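Student: Okay, handing you the structure first.
The values are calculated or read from the model by the stated rules, or taken from the named source; none is laboratory data. As the structure is a prediction and not an experimental result, all values here were calculated from the model. All Cβ positions, even for glycine, are placed from backbone atoms using ideal geometry, and neighbour counts span all protein chains on display. The area values use the complete protein model at the heavy-atom level, side chains included, leaving out ligands, DNA and RNA. Shrake-Rupley method; radii C 1.70, N 1.55, O 1.52, S 1.80 Å.
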Amino acid sequence: MEIPLFPLHTVLCPGVALPLHVFEERYRELVARCLTTRGPFGVVLIREGQEVGPTGGLELAQVGTLASIREASRYPDGRYDLLAVGGMRFRLDAVLDDVAPYLVGRATPLPEETGDPELAATLVREVTRRVVEYLRLLRPREGEDDAMPDVGVELEVREDPADSPDEGGPAGVDAGIVRRLVMPDDPATLSYLLLGMVQLDLARKQQLLEANTAVDRLGGLGAALEGEILLLARRLRPFAPDRSLLAVRRN
């Protein structure tokens, strides 16, 4: 398949939201095409080079993620604010720079493999516990700035009939409905959501995105979290948020 490419200094995981501010003319055309066709674009990590300016010297990662536009607003001067969400991963087989103002990629969709199901279930439990501990330690202590990552993810919202307060149910629930966030039980889906929550260097995050199975990804994420937790517990880790997660990306 051929897809328009949006190279960025970020790693987009499936199921994770990506806000973008688009001002370059070539990417305005890319957005206009995607809005017209309702098709996705490909987000790929820039290993070498700049997001803004000529694309000739860019070195791109070989695995990226399709991004679907969920929200778009256009300024009078043609700029866009977007909210995109990561979908399927792809392998970048070739980059075409002469068919559109932006780069176009020939890409192959990558299947999602779980690996050993029993090991996957064990890793889901272990890594989820470590992510909870990681997020707890990431909370600022007295005198520190707030560095909690604000990462948008797509989760199922389940609506259940609410018990009335007289029956011990939650008070103040509108129309008798309780909304509960439901974490995915699929190891591959969960591995991407957890990866999207953790602040790792881009090379390590890209390596985990490229993992062949959910077991490989969860195992690598668990090992990375073990080191991060140790550093955070001793406050040895540089205590600063990952700006690629906190701010709107600007092309």
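Student: Within the set of pairs 6+ apart or on separate chains, which have a first residue in the stretch 100-116 that is in contact (Cβ under 8 Å) with a residue 24 or more places away in the chain, a second that is assigned to a loop (DSSP other than H, G, I, E, B) and crowded, with 17+ Cβ neighbours inside 10 Å, and C-beta atoms under 6 Å apart?
Tutor: Leu103/Thr55
Student: Continuing with this model, one more query. Residues in the stretch 55-69 that are open to solvent by 60 Å² or more (accessible area, probe 1.4 Å) and among the β-branched types (Val, Ile, Thr): how many?
Tutor: Result for the stretch 55-69: 0.
Student: Would you tally the residues in the stretch 61-83 being over 17 Å from the mean Cα position of the chain (by Cα) and assigned to a strand (DSSP E or B)?
Tutor: 5
Student: Taking the stretch 23-50, which residues are assigned to a strand (DSSP E or B), within 15 Å of Ser68 (Cα to Cα) and among the hydrophobic types (A, V, I, L, M, F, W, C)?
Tutor: Scanning the stretch 23-50 gives Phe41, Val43, Val44.
Student: If you check Val43, Val22, which single one turns out to be over 13 Å from Gly105 (Cβ atoms) and either at pLDDT below 95 or surrounded by 15 or more Cβ atoms within 10 Å (Cβ to Cβ) (or both)?
Tutor: After ruling out the rest, the residue left standing is Val22.
Student: Looking only at the stretch 70-120, count how many residues are in contact with a Lys or Arg (Cβ under 7 Å, 6 or more places away or on another chain) and crowded, with 19+ Cβ neighbours inside 10 Å.
Tutor: 5
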